[in-house]
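Have a look at the structure below, then the notes.
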Amino acid sequence: MITHSQIFKGAEKYMRVRKNDVHIPISYYYAMQLTEQYPNADKELVAAAIILHDIGWYSIDEDDIFKKGFQSENFMQSDVRYLHETEGVRLSAEVLADLDCTKEFIQKVGIIIDGHDTRNFARSLEDEIVRDADKLWRFTVAGVSVACDWFKQNPTQYCNRLGTDIIPQLHLAESVAMAKADLEETKKVLCCDVL
């Protein structure tokens, strides 16, 4: 069986865009916490999918990533969002094949990656965990610090957006509890009551 570290190393070169080298490890941390809450979930599938879910951004011009993928009017349905998912499926298949993963496992990972941002529903428990972990990193100090710039907001504005727009998108009760607790802590650390 491959280790999570091997998957990280296999995908490392694709993480050097859009601060994925920060986003993905933090999301992985949350995904592993959630798998502890859901022992019926396939932990290895969740780990591979969360590590590889956003490596498709590597294939997209960085200017397009931010202008079309984060700042356009309907950014969640922008062409670059779909493209990063398609490219993520392709690149994840290459990474996992290089690690001698089975075709069945590679396909399961691809099913989660495909639509993880653009679909408004989860296909499985593992998909729910990955989708939630992908969002939970935003509630950390690091997540707010990075993502507020993507959306051209200050930290307080972005924290407010997290509470109104992102928490309602979470699938699992445990994810909601984590998000609320982390958001309160992040607001304190970033002095959002003052700034």
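The values are calculated or read from the model by the stated rules, or taken from the named source; none is laboratory data. Remember, predicted model here, so these are calculated numbers, not experimental data. Note: ideal-geometry Cβ built from the backbone for every residue, glycine included; neighbour counts use all protein chains shown.
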Fill in the blank from the handout: Here the residues within the range 161-173 that are surrounded by 15 or more Cβ atoms within 10 Å (Cβ to Cβ) and not β-branched (V, I, T) are R161, L162, G163, L170, H171, L172
Practice task
Within the range 184-195, track down each residue that is without any contact (Cβ under 8 Å) to a residue 24 or more places away in the chain and among the hydrophobic types (A, V, I, L, M, F, W, C).
Solution key: C191, V194
Fill in the blank from the handout: The condition from (1) surrounded by fewer than 16 Cβ atoms within 10 Å (Cβ to Cβ); (2) in a helix (DSSP H, G or I); (3) not small (G, A, S) that V130 misses is numbered (1)
Problem - Qualifying residue in the range 148-159 (condition: farther than 30 Å from I2 by Cα, in contact with a Phe, Trp or Tyr (Cβ under 7 Å, 6 or more places away or on another chain) and in contact (Cβ under 8 Å) with a residue 40 or more places away in the chain) - result: yes
Completion exercise
Residues of the range 148-161 being over 16 Å from C191 (Cα atoms), in a helix (DSSP H, G or I) and not charged (D, E, K, R), in sequence order, are W150
Completion exercise
Of the residues in the range 141-156 that are surrounded by 20 or more Cβ atoms within 10 Å (Cβ to Cβ) and modelled with pLDDT of 95 or more, the one that is farthest from M32 (Cα to Cα) is P155
Completion exercise
Given (1) free of Cβ contacts under 8 Å to residues at least 24 places away in the same chain; (2) among the small types (G, A, S); (3) buried (at least 20 other Cβ atoms within 10 Å of the Cβ), A181 misses just (3)
